[in-house]
Amino acid sequence: MPLVLGINTCFAQTFPNSNTDGKYYVVNGAKIWTVSVGKGDPLFIIPGGPGNSHITYRAFDSLYQNCTVVYFDPFGTGKSDTAKTIQEYSLKRSIEDIEGLRIAMGFSTINLLGHSFGSVVAQGYAIKYPTHISHLILSLPFHSGEMIQQSNTNREIEIYFPEIWDSIMKLRQQGRLSNDSLYEAIRGKVPFSFMFRYNPEGLSKTANIPYPNKNNNQLDLQMSGPDGDFNTIGDLSSFDYRKDLRNLIIPILVMAGRYDKLAPPKWTIQYKQFCPRCEFVFFEKSGHTIFREEPEKTFALIKKFLEK
């Protein structure tokens with residue numbers, strides 16, 4: 001059933017259902033599920049993770065009057081195909097899948113919005129295919145593997161949840177890594193709101209929406225390694241865009257959360273140095289989910305930016 005939004009039902013806007021109202025495209029040998037909303041130039045929304053599907057990003061429907069919002073489930077997530085072997089998941093493939101999807105959908109150029117890990121894919125795409133992108137929007141981004149390695153939440157857990165941290169340390173002494181199920185169960189006791197939100201009220205209502213394969217931890221395991229919470233290896237440790245960002249001549253918007261524990265201000269503000277042409281904006285009442293904590297500011301800013 002399509003989603004219907006609007007105060008006056010006579011003028012209600014109908015939005016597609018993520019489960020049923022989409023279309024598959026074959027990209028690099030895999031079926032990729034897409035859902036499009038609105039009219040105008042395309043804005044691809046690249047989910048975070050690695051391993052998130054598009055379902056928790058439907059708040060970007062708010063942009064339907066300004067552009068065609070293109071949601072998609074990255075390879076391995078949601079309704080898209082999954083890999084036969086975990087080695088098929090990679091940052092390189094994620095970047096090439098954006099290009100393959102652009103071609104398959106028949107767009108000459110696209111706008112890109114990458115959130116969290118999605119920003120890593122978006123930056124990689126913009127650097128490799130600068131003539132195929134019109135606007136680049138980076139939401140709570142990471143510019144390098146060093147930033148990901150340094151910007152973990154272990155320090156906050158140790159300070160604010162010492163009893164959980166003690167349990168984690170006991171597991172570490174036993175040689176258990178952060179992909180261990182017992183470790184994940186104990187770390188899972190840290191409230192989601194603490195990890196991702198400045199304001200814990202109004203947590204995502206999409207959490208209970210039925211959707212297949214919402215989050216695939218296998219992608220994170222492959223790209224971060226078996227002990228990613230303490231020692232990131234693989235693709236997420238080796239990328240570094242800092243020297244290349246200044247060469248991009250397209251409009252770039254960087255959005256950062258003042259209370260973001262995953263991509264903290266100490267690191268995100270460095271985009272002013274590495275990408276001096278970018279428009280850099282702090283969201284003073286947000287953590288790692290600005291489009292849910294400060295939606296009006298987020299979407300007003302994006303609408304204005306896309307007019308450039």
Residue pairs, Cβ under 9 Å, 6 or more apart or interchain, first in region 234-252 and loosely packed, with under 14 Cβ neighbours inside 10 Å, second among the acidic types (Asp, Glu). List them.
Asp240/Glu146
Is one or more of the residues making up region 88-103 among the charged types (D, E, K, R), modelled with pLDDT of 95 or more, under 29 Å from Glu307 (Cα atoms) and part of a strand (DSSP E or B)?
no
Give just the number: which of (1) in a strand (DSSP E or B); (2) under 16 Å from Pro47 (Cβ atoms) does His135 not satisfy?
(2)
Considering each residue of region 21-36, count those that are surrounded by fewer than 23 Cβ atoms within 10 Å (Cβ to Cβ) and part of a strand (DSSP E or B), and give that number.
9
(1) β-branched (Val, Ile, Thr); (2) over 23 Å from Tyr183 (Cβ atoms); (3) at pLDDT below 95 all hold for Thr153 apart from (2)
Checked against (1) closer than 25 Å to Ser134 by Cα; (2) among the polar types (S, T, N, Q); (3) surrounded by fewer than 24 Cβ atoms within 10 Å (Cβ to Cβ), Thr85 satisfies every condition except (1)
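Does region 200-213 contain at least one residue that is in contact with a Ser or Thr (Cβ under 9 Å, 6 or more places away or on another chain), modelled with pLDDT under 90, part of a helix (DSSP H, G or I) and not hydroxyl-bearing (Ser, Thr, Tyr)?
Scanning region 200-213, I find at least one residue that is in contact with a Ser or Thr (Cβ under 9 Å, 6 or more places away or on another chain), modelled with pLDDT under 90, part of a helix (DSSP H, G or I) and not hydroxyl-bearing (Ser, Thr, Tyr), so the answer is yes.
Count, please, the residues in region 254-290 that happen to be assigned to a helix (DSSP H, G or I) and crowded, with 23+ Cβ neighbours inside 10 Å. So that I can check it myself, show each step before the final result.
Taking region 254-290 first, the residues assigned to a helix (DSSP H, G or I) are 265-268, 271-274, 290.
Remaining after also requiring crowded, with 23+ Cβ neighbours inside 10 Å: 268, 290.
Qualifying residue count, region 254-290: 2.
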Leading residue by the ranking (surrounded by the most Cβ atoms within 10 Å (Cβ to Cβ)) among those in region 112-142 that are touching a strand residue (DSSP E or B) at 6+ places or on another chain (Cβ under 6 Å) and of a type in the set (Val, Ile, Thr)
Val121
Within the group Ile186, Ile148, which residue is within 21 Å of Ser238 (Cα to Cα), out of contact with any Asp or Glu (no Cβ under 9 Å at 6 or more places or on another chain) and in a helix (DSSP H, G or I)?
Ile148
Criterion (closer than 16 Å to Tyr25 by Cα, surrounded by 20 or more Cβ atoms within 10 Å (Cβ to Cβ) and out of contact with any strand residue (DSSP E or B) (no Cβ under 7 Å at 6 or more places or on another chain)) met by exactly one of Ser80, Ser94, Ser62
Ser94
Do we find that His54 is at pLDDT 95 or above, crowded, with 17+ Cβ neighbours inside 10 Å and touching an Asp or Glu at 6+ places or on another chain (Cβ under 8 Å) in this structure?
yes
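Yes or no: Ala104 touching a helix residue (DSSP H, G or I) at 6+ places or on another chain (Cβ under 6 Å) and surrounded by fewer than 19 Cβ atoms within 10 Å (Cβ to Cβ)? Working first, answer last.
Details: touching a helix residue (DSSP H, G or I) at 6+ places or on another chain (Cβ under 6 Å): no; surrounded by fewer than 19 Cβ atoms within 10 Å (Cβ to Cβ): yes.
Here the answer is no, as Ala104 does not meet what is asked.
The values are calculated or read from the model by the stated rules, or taken from the named source; none is laboratory data. Treat the numbers as computed from the prediction; the structure is a model and nothing was measured. Counting neighbours? That spans all protein chains shown, and the Cβs are built from the backbone with ideal geometry, glycine included.
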